[in-house]
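Below is one structure, written out as structure tokens; comments come after it.
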Amino acid sequence: MNAEDLPRYSVVVPVFHEAETIGPFCRAVRDAFPPGYELLVCYDVPDDRTLPALAALPATDKPPVVRLVHNSLGRGVRWAIEAGLRAARGPVVIVTMVDLSDDYRLVEEMVARAEAGAAVVCPSRYMPGGRQLGGPWLKGLLSRVAGLSLHWLAGLPTRDPTNSFKAYRRDFLEHTPIESAAGFSLGLELTVKAHFAGERVEELPATWRDRTAGESRFRLTAWLPLYLRWYLWALRKRWLG
């Protein structure tokens, strides 16, 4: 493929039986995202109900370039995201969720900041101007405490490193192995790895809204130790070298 045929950026979205939400998601992406992107729909199983629902959408409701990515790396959202990261062709890669919780007004600036050299661009609920609307209170509390304490104690340049909605430079992803075993903790992992490798991590205020359809796949009890691993890793890097 010639360089002029490559997308400006890639958008990775993991799905798992999201028949109810894939239509509104595609329409929101088509309406809000600046042109020049490819949408990578990353799925685990061939009978995922998302796929026929996506195929049934009229062309006017879908982004211009949609690619299906079958996750063959391992079962679950963590591996589906990595499958999308590996398949992305754009020099900037955005990870988002299908539940319409993320603030798509920020996409142009996220892409521009990554194009200007930021390895990770983090929309932040917890910086001045950011907001979180709804969602489980305990999950929100733990996320806020983790983000703010890493900002002040570990020097992380974002107050919301656990937010999965991020933009990454693809060349940073290509030389940074992902070690997280499950869940969404790879977003925190990549953020702290970028910072302590001397890469630029930037944040901008964002509004997050709880999903209104479908079921969240976030498993707090099972995945909390995975976040704790990278939280402690960042503190050790900051204070012990």
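In plain terms, the residue of Ile22, Ile178 with the fewest other Cβ atoms within 10 Å comes first and the most crowded comes last, giving Ile178, Ile22.
By other beta-carbon atoms within 10 Å, ranking Glu18, Glu174, Glu38, Glu109 with the fewest at the front produces Glu174, Glu109, Glu38, Glu18. Dividing the summed -39500 (n - 2.57) terms of all DSSP H runs of n ≥ 4 by the residue count of the chain sets its mean residue ellipticity at 222 nm at -11500 deg cm²/dmol. Peptides 68-75, 192-199, 96-103 ordered by packing proxy, namely the average of other Cβ atoms within 10 Å per residue, highest first: 96-103, 192-199, 68-75. Note on Lys193: lysines with a C-alpha under 22 Å away, same-chain residues under 8 apart excluded, are Lys166, Lys237.
The order of Cys26, Cys42, Cys122, going from fewest to most other C-beta atoms within 10 Å of their C-beta, is Cys26, Cys42, Cys122.
Computed from the Cβ-Cβ distance with R0 of 25 Å, the FRET efficiency linking Trp239 to Leu141 stands at 0.55.
A short reminder: the numbers here are calculations on the coordinates, not readings from a lab. It should be emphasised that the depicted structure is a prediction, and the values quoted were computed from it without experimental measurement. No Cβ is skipped: glycine too gets one built from the backbone with ideal geometry, and neighbour counts run over all protein chains shown.
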